[in-house]
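These notes are about the structure you will find just below.
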Amino acid sequence: MNSTDDATPHFEVVKQPRSRLPLAIAAALGVAVLAALLWLYMRPPAPVPGGPPPLPPMTAEAEAYLTQVKLAGPAISRWENFLGQEVTYVDFVITNRGPRPVAALELTIEFRDREGRVALAERLQPIGPHSPRGQFRRRLGSGQSAEFRAGFEELPAAWDKLPPRGRITGLVLE
């Protein structure tokens, strides 16, 4: 044996198993961020406090024209995200069967309780200058139809689970 060989230190490389904890944490954070973004993106727009400004009282001409405006629906659907939050959607179709364009239309949606009393009333303007951009229309021409959807995150516990009543409570003609 050579004495110089014995004096040379020998190193042995030992591979230690890599911890997968940082990778799991990063993946969980990525999923959480993605879920939060989806939740924010998929929520219906927050209602404006107090809703849109009310339309002026209907004129006799507008009241007579109501027979030319058909309100079809409602159709109800529900959507639940993976976080368990539920939104109830109410869909209507408005058709202007008359010769005049509709400049603004106010609709009141009423959810009733088991006794037939109004449990929740929501006033919307699906047509008009105060309609939310991208969601509703600015006007409804003669012979045109418009579909619209209203989302409700919370409905009263007393709601009878029947489709709500929709009625036109304001109408302005061009």
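Tell me, what is the FRET efficiency for Arg123 and Glu154 to the nearest 0.05, using R0 = 25 angstrom and their Cβ-Cβ distance as r? Walk me through the intermediate numbers first.
On the way: r = 17 Å, r/R0 = 0.67.
Computed FRET efficiency for Arg123 and Glu154: 0.90.
According to the square roots a ≥ b ≥ c of the eigenvalues of the Cα gyration tensor, what is the shape class of the stretch 60-173, taking rounded for a/c under 1.5, prolate for a/b larger than b/c otherwise, and oblate for the remainder?
Prolate, because a/c is 1.5 or more and a/b exceeds b/c.
Efficiency by 1/(1 + (r/R0)^6): what FRET value for Thr169 and Leu83, r their Cβ-Cβ distance, R0 = 30 Å, to the nearest 0.05? Intermediate values should be presented prior to the final figure.
Details: r = 35 Å, r/R0 = 1.17.
Result of the calculation: an efficiency of 0.30.
Starting from the Cα-Cα distance between Ala35 and Ile76, subtract it from 0.36 nm times their residue separation and give me the gain in nm to one decimal. Walk me through the numbers before you get to the answer.
Numbers: separation 41, 0.36 × 41 = 14.76 nm, distance 2.56 nm.
Result: 12.2 nm gained on full extension.
Can you tell which of Trp79, Pro163, Ala103 lies farthest toward the positive end of the dipole of the stretch 60-173, using +1 and -1 charges on the Cβ of basic and acidic side chains (Lys, Arg; Asp, Glu)?
Ranked along the dipole, the leading option is Ala103.
If you take the square roots of the eigenvalues of the alpha-carbon gyration tensor of the stretch 51-95 and sort them as a ≥ b ≥ c, do you get rounded (a/c under 1.5), prolate (a/b over b/c) or oblate?
It comes out oblate by the Cα gyration axes.
Among Leu55, Leu162, which comes first, then next, by fewest other beta-carbon atoms within 10 Å?
Numbers: Leu55 19, Leu162 10.
Result, fewest neighbours first: Leu162, Leu55.
Can you give the charge dipole size of the stretch 58-131 about its Cα centre, rounded to the nearest 20 debye, using +1 on the beta carbon of Lys and Arg and -1 on the beta carbon of Asp and Glu? Could the numbers behind the result be given before it?
Numbers: 8 positive and 10 negative charges, 43 e Å.
Around 200 debye, computed over the stretch 58-131.
Can you report the principal axis dimensions of the stretch 62-122 using only the alpha carbons, biggest first, rounded to whole angstrom?
For the stretch 62-122, the Cα extents along the three principal axes come out at 47, 30, 16 Å.
Taken together, the values in this text are just the output of simple stated rules run on the coordinates, not laboratory data. The model shown is predicted, which means the values in this text are computed figures rather than measured ones. Cβ sites come from the backbone with ideal geometry, for glycine too, and all protein chains shown count toward neighbours.
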